[in-house]
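The structure under discussion appears below in the form of structure tokens.
The values are calculated or read from the model by the stated rules, or taken from the named source; none is laboratory data. Given the structure is predicted, the values throughout are model-derived calculations rather than measurements. Here the Cβ positions follow ideal geometry from the backbone for every residue, glycine too, while neighbour counts run over all protein chains shown. Accessible surface is based on the protein model in full, side chains and every heavy atom, while ligands, DNA and RNA are left aside. Shrake-Rupley method; radii C 1.70, N 1.55, O 1.52, S 1.80 Å.
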Amino acid sequence: MKRLLTTTAVLLTAGIAQAQEITIVREVDSNNYDPHKTTSRAASEVLFMMGDTLVSLAPDMQTVEPGVAESWEVSEDGTTYTFKLREDVQFCDGKPMTAEDVAYSMNRWVDPETNSPVAWRAGEVESVTAIDDYTVEYKLEAPFSELLYQLTQSFGTIIDSENVEELGEDFGVAGFNGTGPFCWVEWTPRDTMIIERHDAYTWGAPFHENTGPASMERITWQIVPEENTRTVSVLTGQSEVTQYVPDIALEQLRSAPNVEVVASDLAFWTYFMGFKIDKETVSDPAVRRAINLGVNQEAMAEDLFFGAVQPAYSYVSQEALDWNSDVDDMLLKYDPDRANEILDEAGWTREDDGIRSKDGVRLEPTAYVFAGSTWGKISEAVQSYLREIGVNMQVQAFDATVAWGKLATQEFDIFSMSFPYVSSGDALNLYFRSENVPSPNRMNWIDETTDELLLTGATATTDAARADAYGEVLEMVHEAAVWLPLYHEPMVIAYSSGLEPVVPHNIYGAGLYKGLDLKFAD
């Protein structure tokens, strides 16, 4: 069992503020903490605390409020945004933040040399320019209705060019100089990330009860892959907070007198396994459809997650903005008999050991998955279901610090993934743009029609036009069976009753957002 770092909360003499430290346990780490080069939730969890964005997203997941930009204007044609910056923002090293830092950050984000897997989130950028020390002009080649929302994400974090140049390839690995309420102290991959309070920070978004400095002096993010250990850590006070709540322990935590549990469904988080559609075996649409029919998501939701999640048959929640209800009748649900029929009809015959083959090729796709308790039990369950229909899925698990790199290769047939989103367009633009191959478009879905429809949706000036475009893409990708949807997960946070109430934030699944409102109760 991994030893957790101890936590202290020391009350000093009267009239002096309380010194506060907490440990937050989580299941996996990130591969790095460069906002432009990672799509991991683990990175966003820390980057939101160490950095700032031009604008901020309120906990209602709808209202955009000021960030380091105190105001902004949008041109009538929707292609030019002019941001007026606060004049009191500074980096952790004390250097003032100016418009030059913002322009550098945005331009690095979309620079082809950066090769950011999330450059699309910045829109079709024409230029980002510092007009003066505290004014930024952000020009687009076409309107992008989601720009302000995307600029709230951790990928839009303002970074320090000197810090980037000094650290080179180690930026976000050996250090990070941000403007957020906390500053980088030390990262030990697969173990801990330690951050300390940025004492000068006073520019938090208006929706925070505390706009800075943070109440917590020090936060330790501790990696604890084992579900039981995470549960015990919260129950015994070794950790004060986790949003990686084991479903099997949910009721136990809810009934514990020293633990509070809160949940939110204001955004969506979906788990799925995807197919690299040009790889042998899974390039056959019959195989992909049979795999979808061969897995019992409803039973998995009950048996593995004790009913705390919703079985998924669609690639995004059917409650998401711009969901196409015409796809409802296309969804593939558990039907092993039909799965076997499809494989038989496609010429995949069973060998003596029960595993199917065709033209000398055995139906044994290789799946790359994340190591840890969650994907361990998911992949075992899927593997067991698939054996029943003659598919022998070979599972290779990798720690998250390695997995993100492995998932950007062409080595595998199937991959594991989960992701946050607030709309159909948010999800589709992430995974189905041709330019996003090999990551995050790990399916190698390269399709000109899809690209045209996604661009139409992103630049649409009416709700109907946007919904129509995204609706067509939803039909195409579901018909092609490029994913195996597994389940939709709500945001759940367990925390010590010694803390002030925690309000979950759903932005990119980073439930504690900037950590400004984390505070021990008086």
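Within the full protein context, the accessible area of GLU380 is estimated at about 120 Å² for a probe radius of 1.4 Å.
Amide H to amide H distances under 5 Å link ALA397 with VAL369, where only residues 5 or more positions off or on other chains count and H is placed in the peptide plane. Since only TRP348, GLY94, ALA400 are under comparison, the one whose Cα sits farthest along the positive direction of the charge dipole of the chain, derived from C-beta charges on Lys, Arg, Asp and Glu, is ALA400. Note on GLU475 and GLU65: the model spin-label points, each 7 Å out from Cα along the C-beta direction, lie 4.2 nm apart. Taking the square roots of five times each eigenvalue of the Cα gyration tensor of the range 124-164, the equivalent ellipsoid has semi-axes of 19, 15, 9 Å, listed largest first. Peptide packing for 155-163, 124-132, 320-328 was compared via the average number of neighbouring C-beta atoms within 10 Å per residue; ordered from the highest value, the list is 155-163, 320-328, 124-132. Beyond 16 Å, the tail of the calculated P(r) for the range 392-508 holds 69 percent of the Cα pairs.
In the range 190-278, Rg over Rh equals 1.06, where Rg is the alpha-carbon radius of gyration and Rh the Kirkwood radius from pairwise Cα distances. Using only alpha carbons, the range 110-184 has a radius of gyration to Kirkwood radius ratio (Rg to Rh) of 0.98. Quotient of the Cα radius of gyration of the range 49-111 and 2.2 N^0.38 Å, N being its number of residues: 1.21.
What's the carbon and sulfur percent of the range 307-452's accessible surface, probe 1.4 angstrom, rounded to a whole number? Heavy-atom surface of the range 307-452 belonging to carbon and sulfur, 1.4 Å probe: 42 percent.
Express in whole angstrom the spacing between the alpha-carbon centres of the range 235-304 and the range 343-413. Here the two parts' Cα centres lie 18 Å apart.
In units of the compact-protein estimate 2.2 N^0.38 Å, the range 289-355 shows a Cα radius of gyration of 1.38. A simple rule links phi to the HN-Hα coupling: the Karplus curve 6.51 cos²θ - 1.76 cosθ + 1.60 with θ = phi - 60°, which for the range 222-239 gives 10, 7, 9, x, 7, 4, 4, 5, 4, 4, 4, 4, 6, 5, 9, x, 5, 10 Hz, with x for Gly and Pro.
Once the range 273-322 is represented by equal point scatterers at the alpha-carbon sites, with solvent omitted, what log10 I(q)/I(0) does the Debye formula produce at q = 0.21, 0.26, 0.27, 0.29 Å⁻¹? Values, matching the q order: -0.86, -0.98, -0.99, -1.04.
Scan the range 70-155 for trypsin sites (Lys or Arg not before Pro) in coil per DSSP, keeping those whose Cβ has at most 14 other Cβ atoms within 10 Å, and list them by number. Counting only loop positions with at most 14 other Cβ atoms within 10 Å, none of the trypsin sites (Lys or Arg not before Pro) in the range 70-155 qualifies.
Note on the range 228-378: Kirkwood radius taken over Cα pairs, Stokes-Einstein applied at 4 °C and 1.567 mPa s, translational D equal to 70 µm² s⁻¹. Scanning residues 5 or more positions from GLY178 or on other chains, those with amide H under 5 Å from its amide H are CYS92, TRP184, with H placed 1.01 Å from N in the peptide plane. Averaging over all projection directions, the Cα-based convex hull of the range 443-522 occupies 8.5 nm² in the image plane. For the chain, count all C-alpha to C-alpha pairs, find those more than 28 Å apart, and express that count as a whole percent of the total. Roughly 55 percent, once rounded to a whole number.
Suppose a student asked you for the relative contact order of the chain, using Cα pairs under 8 Å spaced at least 6 residues apart; what percent would you report? Computed over the chain, the figure is 20 percent. Rg over Rh for the range 309-396 works out to 1.04, both radii taken from alpha-carbon positions and Rh defined as the Kirkwood radius. So what does log10 I(q)/I(0) come out to for the range 131-268 at q = 0.11, 0.13, 0.18, 0.21 Å⁻¹, using the Debye formula with one equal point on every Cα and no solvent? Calculated log10 I(q)/I(0) at the listed q: -0.64, -0.87, -1.31, -1.39. Among 28-39, 68-79, 338-349, sorting by the average number of other beta carbon atoms lying within 10 angstrom of each residue, highest first, gives 28-39, 338-349, 68-79. Compared with the alpha-carbon gap, the fully stretched path from THR202 to LYS139 is longer by 19.8 nm at 0.36 nm per residue. Working note: Karplus 6.51/-1.76/1.60 with θ = phi - 60° gives the range 417-428 the couplings 6, 9, 7, x, 6, 10, 8, 4, x, 4, 6, 5 Hz, where Gly and Pro are set to x. Computed from Cα atoms, the angle from the helix 41-50 axis to the main principal axis of the chain rounds to 10 degrees. In the range 357-427, one over the average inverse separation of all distinct C-alpha pairs is 13.6 Å, which is the Kirkwood hydrodynamic radius.
Across q = 0.14, 0.24, 0.26, 0.27 Å⁻¹, the range 150-223 modelled as identical point scatterers on its alpha-carbon atoms has Debye log10 I(q)/I(0) values of -0.52, -1.24, -1.27, -1.27, in the order of the q list.
Using the structure shown, list the pairs from LYS139/LYS406; LYS37/LYS276; LYS139/LYS276; LYS37/LYS333; LYS139/LYS519; LYS37/LYS377 with a Cα-Cα distance above 32 Å, or answer none. Pairs exceeding the cut-off: LYS139/LYS406; LYS139/LYS276; LYS37/LYS333; LYS139/LYS519.
Here the accessible area of the range 39-123 is 43 percent carbon and sulfur, with a 1.4 angstrom probe and all protein chains present.
Eigenvalues of the alpha-carbon gyration tensor of the range 36-173, scaled by 5 and square-rooted, set the equivalent ellipsoid semi-axes at 21, 17, 16 angstrom, largest first. Each residue of the range 290-297 was assigned a 3J(HN,Hα) from its phi angle through the Karplus curve 6.51 cos²θ - 1.76 cosθ + 1.60 (θ = phi - 60°); the sequence is 5, 4, 4, 6, x, 10, 9, 5 Hz, with glycine and proline shown as x.
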